[in-house]
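The values are calculated or read from the model by the stated rules, or taken from the named source; none is laboratory data. Just so we're clear, the structure is a prediction, and the values are computed from it rather than from any experiment. Neighbour counts are summed over all protein chains in view; Cβ atoms, including those assigned to glycine, are modelled from backbone coordinates with ideal geometry. With ligands, DNA and RNA removed, areas are computed over all heavy atoms of the protein, side chains included. Shrake-Rupley method; radii C 1.70, N 1.55, O 1.52, S 1.80 Å.
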Amino acid sequence: LNLNIPYDLAIINKNFTKVPNFAFMYLKIIKLTLMKDEIEFIEENAFDKIEDFDELVLDGNRITNIDFNADVRMFTINSNKIKLIKNDTFINFKRLDLRLQLNYNKITHIEQNAFRGLSKLVDFSLNG
């Protein structure tokens, strides 16, 4: 593994419930996939200091809130347990402009300014 070249990292079907702050610090990751890992909680700065980071996929976990930051252009968080999208949820996702997917969650309420700051977003999906 050459750590000087950006790469995709996928961690799938592992049993861990928390992603701690700076978990992937200084790694060069273009796309990070944490899928079907039983994740319930992600610390606010879990995805900070990742170099070349463009895409985050968190499908099929047990995440209930988006209380973390990720400096990515594409964010997918399908099939989780999110019920509420709070005001300014994505305000610190400053580069998020290509894709946001929130499909097949448990969303019952979206606050008025939940998507503030995403004026350049090209693809948005909220189904199921």
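Only one of 52, 37, 59, 8 is in contact (Cβ under 8 Å) with a residue 40 or more places away in the chain and more than 24 Å from residue 119 (Cβ to Cβ); which?
Matching residue, one of 52, 37, 59, 8: 52.
In segment 2-29, the residue that is farthest from residue 68 (Cα to Cα) out of those that are open to solvent by 70 Å² or more (accessible area, probe 1.4 Å) and touching a Phe, Trp or Tyr at 6+ places or on another chain (Cβ under 8 Å) is 17. Selection of first residues in segment 97-122 that are within 20 Å of residue 55 (Cβ to Cβ) and open to solvent by 60 Å² or more (accessible area, probe 1.4 Å) and of second residues that are polar (S, T, N, Q) and in a loop (DSSP other than H, G, I, E, B), restricted to Cβ pairs under 8 Å at least 6 apart or on distinct chains, gives the following pairs, ordered by first then second residue: 104/78; 104/79; 104/127; 115/89. Any residue that is charged (D, E, K, R), farther than 24 Å from residue 27 by Cβ, open to solvent by less than 70 Å² (accessible area, probe 1.4 Å) and assigned to a loop (DSSP other than H, G, I, E, B) - is there at least one of those in segment 69-83? No: zero hits.
Do we find that residue 64 is polar (S, T, N, Q), at pLDDT 95 or above and assigned to a strand (DSSP E or B) in this structure? Judged against the criteria, residue 64 is not a match. Restricting attention to segment 30-53, the residues that are assigned to a loop (DSSP other than H, G, I, E, B) and open to solvent by 50 Å² or more (accessible area, probe 1.4 Å) add up to 6.
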